[in-house]
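Notes to accompany the following structure.
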Amino acid sequence: MILTTHALVGAAIGKYIHNPIALTAVLIPLHYILDTFRHGEYLGKKSTFKNTTWKVILDLLVGGVIILFAIYAKNIPSVISISIITGALISMFPDLLTVLYWKLNFKFLEKIYKFHQRVHKFPDDSKERLWTLRNAANDIIFSVIAIILLSL
Ligand SMILES: [Zn+2]
């Protein structure tokens, strides 16, 4: 799923679980579970740093702005805010590992990379992985649930 979805889900759970170890234990598996749902990707095998960097930055900005706005609008105390931000970061961590393996060739990450690929049940070139509104449905649903949890 896109980074915004992972960040929002992590932030929402970080609002309710404040122990960083417990938060990590929930969020890392949850990242892979979310990735099993059908979702489109804006990057693929042919993506390069050059043509995807702006998309990743935009993706990070959208998630970040929503989370910071929720913290600000709900006047959330700083201890919980830190947990929310920590949750967002932990939740995106598996995708950082993918980038490190894929673009910087960190060989020791190969097993994690392969596992990450395997949870995506639709093959890379299938229509279920295309960047379309239909394929964004699950991202939208999970993001909306996360925003609701964040704003309760
Ligand atoms: Zn992922």
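Brief remarks follow.
- Residue pairs exceeding 31 angstrom between C-alpha atoms, taken from LYS15/LYS46; LYS46/LYS121; LYS55/LYS111; LYS74/LYS114: LYS15/LYS46; LYS74/LYS114.
- One way to sum up the overall shape of the stretch 3-151 is the equivalent ellipsoid from its Cα gyration tensor, whose semi-axes run 26, 17, 15 Å, largest first.
- Those aspartates and glutamates that a straight Cα-Cα span of less than 13 Å connects to LYS103, excepting residues fewer than 8 apart in one chain: ASP95
- Carbon plus sulfur fraction of accessible area for the stretch 30-152, probe 1.4 Å, in percent: 74 percent
- Between helix 49-73 and the chain: long-axis angle, C-alpha atoms, 0 to 90°, nearest 10: 20 degrees
- Diffusion coefficient, µm² s⁻¹, Stokes-Einstein with Kirkwood Rh over alpha-carbon pairs of the stretch 71-152 at 20 °C and 1.002 mPa s: 138 µm²/s
- Rounded to the nearest 20, the Cβ-based charge dipole of the stretch 19-152 about its Cα centre (Lys and Arg +1, Asp and Glu -1) stands at 360 debye.
The values are calculated or read from the model by the stated rules, or taken from the named source; none is laboratory data. Every value quoted in this text rests on a predicted model; they were computed, and no experiment measured them. Every residue, glycine as well, gets a Cβ built from its backbone with ideal geometry; the counts of neighbours run over all protein chains shown. Quick note on the areas: whole protein, heavy atoms, side chains included, nothing else; ligands and nucleic acids left out. Shrake-Rupley method; radii C 1.70, N 1.55, O 1.52, S 1.80 Å.
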